[in-house]
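The values are calculated or read from the model by the stated rules, or taken from the named source; none is laboratory data. Values in this document were obtained by computation on a predicted structure and should not be read as measured data. In this analysis, Cβ positions are derived from the backbone assuming ideal geometry, glycine residues included, and neighbour counts consider all displayed protein chains. Just so you know, the surface numbers come from the protein's heavy atoms only, side chains and all, with ligands and any DNA or RNA stripped out. Shrake-Rupley method; radii C 1.70, N 1.55, O 1.52, S 1.80 Å.
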Amino acid sequence: QAIFSSGSIFTEGPTTNGRPDSIRLRMLGSLLIFSSLLLISHGRERNNGRQQFASEDPNSRFICEGQLAEYAACQCNEAEGDVSCINAQFVDTSIFASLESYYKGLNRITFHGNNFQDLPSGSLFGSSSSSYSNLDTLNISANYIVNLHSNALQGLRNLKTLDLSNNEIVLLESDIGFLQNTPKLTELMLRRAFTMTSNRSSQFDMMMKMFEKAKLEKLEVLDLSYNFLSSIPFDLPCPFPKLTRLDLRQNFLTNFVVNETCLANIRTIDLSRNQIHSLDAPFRQLANNLKDESLILKNSFYCDCKSGEWIQWLRSTRVVREKSSLICDRASPSTYKGTRLVEVPIDKLDCSIDVWNDNPASSYSIILSILIVSIQLLR
């Protein structure tokens, strides 16, 4: 039987449910094609949605991979070779070794605000330490680190900046080789790094041994601020021939006495907020050999009839930075309390008041100073 349509002839084949099988197959094929197109379109919409989300949320570019992906406190910028985990509360240092599986050639690694306590006895990065030969900056501050271990930094031969600030380090004799694997360090940050309860004399001895063994001949910046230091080793700057900045802010130093032959390249010594109340002859002699504007001396100065010599020196020297902001925190007579050192009339200062007497007011001042330091460290 023949069917004539638009001049064409279709031969009707066998039928199923009253329809030719050829027509049924064509309809089924059209349905499959339509379904495929619908799926492709839906996939494109999902991809567009992801791209739109990425463009709307710039932080999505910094989502980490691997174990770090589970922590919102971690951000990873592979393009810049930067991994950062701040206040993620890690307790196991094995997290460092896991990085190598996902990130190669990192330049900067920051783990701040965790609870590691002890660095490992082997390399911090495990057997993959050779993968971090180009690491430039390692920030492991505020991690409650107590024990360092000599091999912890093994493999980091090109490290330039190491930040160990805000820890509770207690140096042991076995730790003095801790920095020997980082000969290219230019910045060593030890801000409030050491515990207050340890034996100061013993800790100084081991710190100096660690510095000397490390041979940090490229070190330019050493930060020992906020460590409650009442004195420092005489040869503190000597292991660092290229040292340009020594930060000793917010300690309890009453004077600054070091080997001046080791300060040849110093451009800044920050002695702010210590317990320096006058500038004696040895201090002035040392300062006279420093570069112009290399000393920062924001302290509480006491002015009386015995202060003329050092105030006169302060006015004439070019070594002290921002000296016009320095004032007499105590004065005799008290009329000149708060007067700038560059302006106080030296000939009118007397000794009718004992500005050095440990009276209740001064005790209150010391207690207040300690409280201020403690609050700043908790921030």
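Each Lys or Arg adds one and each Asp or Glu subtracts one; over the other residues with Cβ under 10 Å from the Cβ of Lys184, this totals +1. Working from label points 7 Å from Cα in the Cα-to-Cβ sense, the Lys306 to Ser94 distance is 6.2 nm. For segment 226-269, the list of chymotrypsin sites (Phe, Trp or Tyr not before Pro) that fall in a loop by DSSP and count at most 12 other C-beta atoms within 10 angstrom reads Phe234. Rounded to the nearest 20, the Cβ-based charge dipole of segment 96-237 about its Cα centre (Lys and Arg +1, Asp and Glu -1) stands at 260 debye. All other residues whose Cβ lies under 13 angstrom from that of Leu164 are scored, Lys and Arg at +1 and Asp and Glu at -1, for a net of -3. Accessible surface of Arg273, taken over heavy atoms with a 1.4 Å probe and every protein chain present, rounds to 100 Å².
Taking a straight Cα-Cα cut-off under 18 Å and skipping sequence neighbours fewer than 8 places away in the same chain, the lysines within cross-link reach of Lys306 are Lys337, Lys348. Peptide packing for 294-304, 324-334 was compared via the average number of neighbouring C-beta atoms within 10 Å per residue; ordered from the highest value, the list is 294-304, 324-334.
Taking 0.36 nm per residue of separation and subtracting the current Cα-Cα distance, fully stretching the chain between Lys213 and Ala281 would add 21.1 nm.
Given +1 at the Cβ of Lys and Arg, -1 at the Cβ of Asp and Glu and no other charges, the dipole of segment 171-245 around its Cα centre is 160 debye to the nearest 20.
Using alpha carbon centroids, what distance separates segment 155-186 and segment 297-332, in Å? For segment 155-186 versus segment 297-332, the Cα centre distance is 38 Å.
When Thr261, Thr182, Thr339 are compared by accessible area of protein heavy atoms, the largest-first order is Thr261, Thr339, Thr182, using a 1.4 Å probe. Once all protein chains are placed together, Lys215 keeps about 130 Å² accessible to a 1.4 angstrom probe. Residue ranking by accessible heavy-atom surface, 1.4 Å probe, largest first, among Trp310, Trp356 comes out as Trp356, Trp310. Once both labels are positioned 7 Å from their Cα atoms along Cα-to-Cβ, the gap between Glu70 and Lys104 label points is 2.7 nm.
Projected label points at Glu80 and Asn115, each 7 Å from Cα along the beta carbon direction, are separated by 3.0 nanometres.
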